[in-house]
Amino acid sequence: MNNMYFTEEHESFRQSFRDFLLKEVVPYVNKWEKQGFIDRQIWKKFGEMGYFGLNAPEEYGGLNLDLFYTVIFLEELQKVNSGGFAAAIWAHTYLAMTHLNAEGSKEIKEKYLASSIDGEKVGCLCVSEPFGGSDVAGMRTTATKNGTNYIINGSKTFITNGVFSDYLVVAAKTSLDLGNKGMSIFVVDRETKGISATSLEKLGWKASDTAEIAFDNVVVPEENLLGEENKGFSYIMQHFASERLIMGINAHARAEFALNYAIQYMSERKAFGKTIDQFQALRHKVADMASEVEMCKEFNYSVASRMNKGDYVVKEASMSKLMSTKIADEVIYECLQLLGGYGYMEDYPMARLLRDSRLGPIGGGTSEILREIIAKMIIDKKEYKPAT
């Protein structure tokens, strides 16, 4: 236990959540990986246990706990060895629900946030577009005001929970002449006429449903606007800090999981009359990897601590994602090598870990984009401030 950040209550929560995952998730992971989505009943079970409301307001059924409960939640999700399952869960909780909580009106929170916390409704966040990728400001989807409604036209892609979610948090241009300052965010019911979703096949994250979504004259009531009109870009940028830290934490957790598995394997696998954890070349490789993972973890904990106190840690969160996802990829690659031929077999966890980990440097802002953001802050002295 890291006493600097975690209390006995935190560790008790970790153990209970771990037990829950072993009972309710692990036995079904392979099934969900094959079918390409997770069964509906697991959402309700998470909701009943309060796991979707760890940092949500008590007024809407949340627990309003400190951020280190979320850290534990994210770390343990990585240990079920399904990046897709973990992504489906945290995309609902920390992408879609984050916007509902931060920018939603009281009516929106009562209708969507409360039912998201209890697991009745599942959400997705729709920002990335087929022609945009990391260029959020280049968004082409539009929301045109028509009386008391907005009419949304356009498309989104790479949307986690994009097929089976109940509502969509959608970013769209409301003032074309204002560039990135003319973007707004809406919550849209799945059943709204004009929405269609196409499932996408992926290299990894097999258990999460990922979609390209088309909006064809989708009518959205003006009361479904989140926050203020034309403030959407600022809202998205503000929440990128938490998303990037989440992905950094995910990365150090899966790297640690892979390393622990490799160490256990090495203690059992014999070659030339001794277990392979006694060969110096392999021992020193493990020492290097363990040092890198520990440095990422400690850095991520310190950033989480600052965020928990209310600091706007956009630079540090960007660094967290950049370095943690890079090191996770490298560590898991080397861990697969430590298993030899068995690392290449689907019956062992490393092959899936390798595929799932590869999305880390891509999703939530590519490493190339993050380097430029960090460079702007360090070299150009650019300052980013929270929108709210």
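The values are calculated or read from the model by the stated rules, or taken from the named source; none is laboratory data. Keep in mind that what you see is a predicted model, and the values were worked out from it rather than measured. Glycine also receives a Cβ, built like all others from the backbone with ideal geometry; neighbour counts cover every protein chain displayed. Just the protein is used for accessible areas: all its heavy atoms, side chains included, with ligands, DNA and RNA removed. Shrake-Rupley method; radii C 1.70, N 1.55, O 1.52, S 1.80 Å.
Whole-Hz Karplus values for region 189-195 come out as 5, 4, 6, 4, 4, x, 9 Hz, taken residue by residue from phi with 6.51 cos²θ - 1.76 cosθ + 1.60 and θ = phi - 60°; glycine and proline positions read x.
Tell me the trypsin sites (Lys or Arg not before Pro) within region 189-223 that lie in a loop according to DSSP and have at most 10 other beta-carbon atoms within 10 Å. Sparse-neighbourhood loop trypsin sites (Lys or Arg not before Pro): 193. Selection among 241, 69, 323 by position relative to the dipole of the chain gives 323 as farthest towards the positive end (Cβ unit charges, Cα centre). Take residue 372: with every protein chain present and a 1.4 Å probe, its accessible area is about 90 Å².
Each Lys or Arg adds one and each Asp or Glu subtracts one; over the other residues with Cβ under 9 Å from the Cβ of residue 118, this totals 0. Taking label points 7 Å from Cα along the Cα-to-Cβ direction, residue 367 and residue 63 give a separation of 3.4 nm. Under a 5 Å amide H cut-off, with hydrogens placed 1.01 Å from N, residue 105 pairs with 227 among residues at least 5 apart or on other chains. Shape class of region 318-358 from the alpha-carbon gyration tensor: prolate, with a/c at 1.5 or above and a/b greater than b/c. For trypsin sites (Lys or Arg not before Pro), the sites in region 34-141 that DSSP calls loop and that have at most 15 other Cβ atoms within 10 Å are 140.
Enter the Cα centre distance for the pair region 1-28 and region 94-134, rounded to the nearest angstrom. For region 1-28 versus region 94-134, the Cα centre distance is 26 Å. Sequentially through region 158-172, phi angles give Karplus couplings (6.51, -1.76, 1.60; θ = phi - 60°) of 6, 8, 5, 6, x, 9, 10, 6, 8, 9, 10, 9, 10, 9, 8 Hz, Gly and Pro residues having no value and appearing as x. Listed by chain and number, the aspartates and glutamates placed with their C-alpha closer than 12 angstrom to that of residue 231 are 103; residues fewer than eight positions away on the same chain are left out.
Once you have a ≥ b ≥ c as the square roots of the Cα gyration tensor eigenvalues for region 39-78, tell me rounded if a/c is under 1.5, and otherwise prolate or oblate according to whether a/b is larger than b/c. In terms of gyration-tensor shape, oblate.
Over all pairs of different C-alpha atoms in region 279-388, the reciprocal of the mean inverse distance, the Kirkwood hydrodynamic radius, equals 15.8 Å.
Protein-only accessible surface at a 1.4 angstrom probe places the residues 196, 357 in the order 196, 357, largest first. In terms of its C-alpha gyration tensor, region 90-247 comes out rounded, because the ratio a/c of the largest to the smallest axis stays below 1.5. In the chain, the longest principal axis of the Cα atoms and the axis of helix 367-378 are about 80 degrees apart.
The listed residues 191, 120, 76, 201, once ranked by accessible area (1.4 Å probe) with the largest placed first, stand as 201, 191, 120, 76.
Counting only heavy atoms of the protein chains and using a 1.4 Å probe, residue 90 has close to 10 Å² of accessible surface.
Pairs over the 22 Å Cα-Cα cut-off, from the set 31/79; 109/309; 173/202; 23/44; 23/321: 109/309; 173/202; 23/321.
Placing +1 on the Cβ of each Lys and Arg and -1 on the Cβ of each Asp and Glu in the chain, which of 93, 199, 5 has its Cα farthest towards the positive end of the resulting dipole? So the residue we want is 199. The Rg/Rh ratio for region 221-336 is 1.21, where Rg is the radius of gyration of the alpha carbons and Rh is the Kirkwood radius. Once the Cα atoms are used to define both axes, helix 8-24 deviates from the longest principal axis of the chain by about 90 degrees. Normalised by the number of residues in region 37-149, the mean separation of alpha-carbon contacts (under 8 Å, six or more apart) gives a relative contact order of 29 percent.
Net charge of the neighbourhood of residue 197, taken over other residues with C-beta under 13 Å away and scored Lys/Arg +1, Asp/Glu -1, is -3.
Accessible area ranking (1.4 Å probe, heavy atoms, ligands and nucleic acids excluded), largest first, for 355, 269: 269, 355. Magnitude of the charge dipole for the chain, about its Cα centre and with charges confined to Cβ atoms of Lys, Arg (+1) and Asp, Glu (-1), is about 720 debye.
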